[in-house]
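Student: Next up is a structure, given as structure tokens.
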Amino acid sequence: MEISYTEENYLKAIFKISEQDGKPASTNAISSEMNTSAASVTDMIKRLSDKTLIHYERYRGVTLTKRGEQIATHLIRKHRLWEVFLVDKLHFSWDEVHEIAEQLEHIKSQRLVERLDEYLAFPKFDPHGDPIPDADGNFAIRKQALLMDFQPGEQGIVVGVQDHSTTFLQYLDRMELVLGTPVELLEYFEYDESMRILINQKREQVLSKKVCQNLFIQKR
């Protein structure tokens, strides 16, 4: 069964939405994720349903079939492996690699993917801290929490981001809040829900609520 690049992207979007929300993906959520019209989403849902890649229930949303989930997971695996390659081997910055990986993830060669995984020494996480599924579709699990959920005095290491936008990643670079950076929450401001943190045990910085809601920390 031939699957187009566009169909693959829809499957990946449905997987991502369901993973984040913990429930079936709505047509509105898919439309927003794919940056397309509701009518286009409706047409694609019918195509994917006809190929038995999704289940659709009116008023409830879309879920992936086992085959649909396998395709989406494999696509995510390729995307994140290519991001590791681009950052670690070609020295791209973490805010540059998403669009390139979006193109490379559609390469079909399974042998190439397995060689790439081996060449990179079987990484468990990509440059943004997202888990890379293995060949069987299993994701690595790591204990982490959003900075927003920390209490004053708690410490940890930056391990991931929830917002993958270029502007956010560039902001973190300027704040020296890249992956692996030690942080400690010093103070929470109830007025605007901002937080004062200690970065690298030497520099204090006040972060907005929006930043704190998008920064994953592994507690020490």
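Student: Considering every residue within region 68-88, establish whether at least one is over 19 Å from Met1 (Cβ atoms), outside the structural domain of Ala13 (by TED's automatic domain parsing) and more than 17 Å from the chain's Cα centre (by Cα).
Tutor: yes
Student: Separate question: With respect to Lys209, determine if the residue is in contact with a helix residue (DSSP H, G or I) (Cβ under 9 Å, 6 or more places away or on another chain), basic (Lys, Arg) and not assigned by TED's automatic domain parsing to the domain that holds Glu33. Talk me through it step by step, then tell me what you get.
Tutor: Values: in contact with a helix residue (DSSP H, G or I) (Cβ under 9 Å, 6 or more places away or on another chain): yes; basic (Lys, Arg): yes; not assigned by TED's automatic domain parsing to the domain that holds Glu33: yes.
Yes, satisfied.
Student: Among the residues of region 175-198 satisfying the criterion of being free of Cβ contacts under 8 Å to residues at least 24 places away in the same chain and in a strand (DSSP E or B), which is surrounded by the fewest Cβ atoms within 10 Å (Cβ to Cβ)?
Tutor: Among those residues, the one meeting the criterion is Phe189.
Student: State whether the residues of region 92-107 include one that is closer than 20 Å to Glu8 by Cβ, touching a residue at least 24 places away in the same chain (Cβ under 8 Å) and touching a strand residue (DSSP E or B) at 6+ places or on another chain (Cβ under 7 Å).
Tutor: Among the residues of region 92-107, not one is closer than 20 Å to Glu8 by Cβ, touching a residue at least 24 places away in the same chain (Cβ under 8 Å) and touching a strand residue (DSSP E or B) at 6+ places or on another chain (Cβ under 7 Å), which makes the answer no.
Student: While we're here: Against the definition (more than 27 Å from Ile76 (Cα to Cα), loosely packed, with under 12 Cβ neighbours inside 10 Å and either under 19 Å from the mean Cα position of the chain (by Cα) or at pLDDT below 95 (or both)), how does Lys202 come out, yes or no?
Tutor: Here the answer is yes, as Lys202 does meet what is asked.
Student: Next up: With Gln201, Gln151, Gln205 as the choices, which residue is polar (S, T, N, Q), in contact (Cβ under 8 Å) with a residue 12 or more places away in the chain and assigned to a strand (DSSP E or B)?
Tutor: Numbers: Gln201 fails: assigned to a strand (DSSP E or B); Gln151 fails: assigned to a strand (DSSP E or B).
Of the residues listed, the single one that is polar (S, T, N, Q), in contact (Cβ under 8 Å) with a residue 12 or more places away in the chain and assigned to a strand (DSSP E or B) is Gln205.
Student: Same structure, new question: Do you know which residues across region 66-86 are under 16 Å from Leu48 (Cβ atoms) and among the aliphatic types (A, V, I, L, M)?
Tutor: Ile71, Ala72, Leu75
Student: A further question follows. Applying the selection to region 57-76, what residues are touching a residue at least 24 places away in the same chain (Cβ under 8 Å) and not in a helix (DSSP H, G or I)?
Tutor: Within region 57-76, Glu57, Arg60, Gly61, Val62, Thr63, Leu64 meet the criteria.
Student: I need the full set of residues from region 2-32 which are assigned to a loop (DSSP other than H, G, I, E, B) and not acidic (Asp, Glu), in order please. So that I can check it myself, show each step before the final result.
Tutor: Step one: list which residues in region 2-32 are assigned to a loop (DSSP other than H, G, I, E, B), which gives 2-4, 22-24, 26.
Matches in region 2-32: Ile3, Ser4, Gly22, Lys23, Pro24, Ser26.
Student: Right, here's the next one. Can you tell me which of Leu104, Leu147, Leu207 is within 30 Å of Glu2 (Cα to Cα), surrounded by 14 or more Cβ atoms within 10 Å (Cβ to Cβ) and out of contact with any Gly (no Cβ under 7 Å at 6 or more places or on another chain)? Write out each step before concluding.
Tutor: Details: Leu147 fails: within 30 Å of Glu2 (Cα to Cα); Leu207 fails: within 30 Å of Glu2 (Cα to Cα).
Leu104 is the lone residue from the list that is within 30 Å of Glu2 (Cα to Cα), surrounded by 14 or more Cβ atoms within 10 Å (Cβ to Cβ) and out of contact with any Gly (no Cβ under 7 Å at 6 or more places or on another chain).
The values are calculated or read from the model by the stated rules, or taken from the named source; none is laboratory data. This is a predicted model, so every value here is computed, not measured. When we count neighbours, we look across all protein chains shown, and the Cβ atoms used for this are built from the backbone with ideal geometry, even at glycine.
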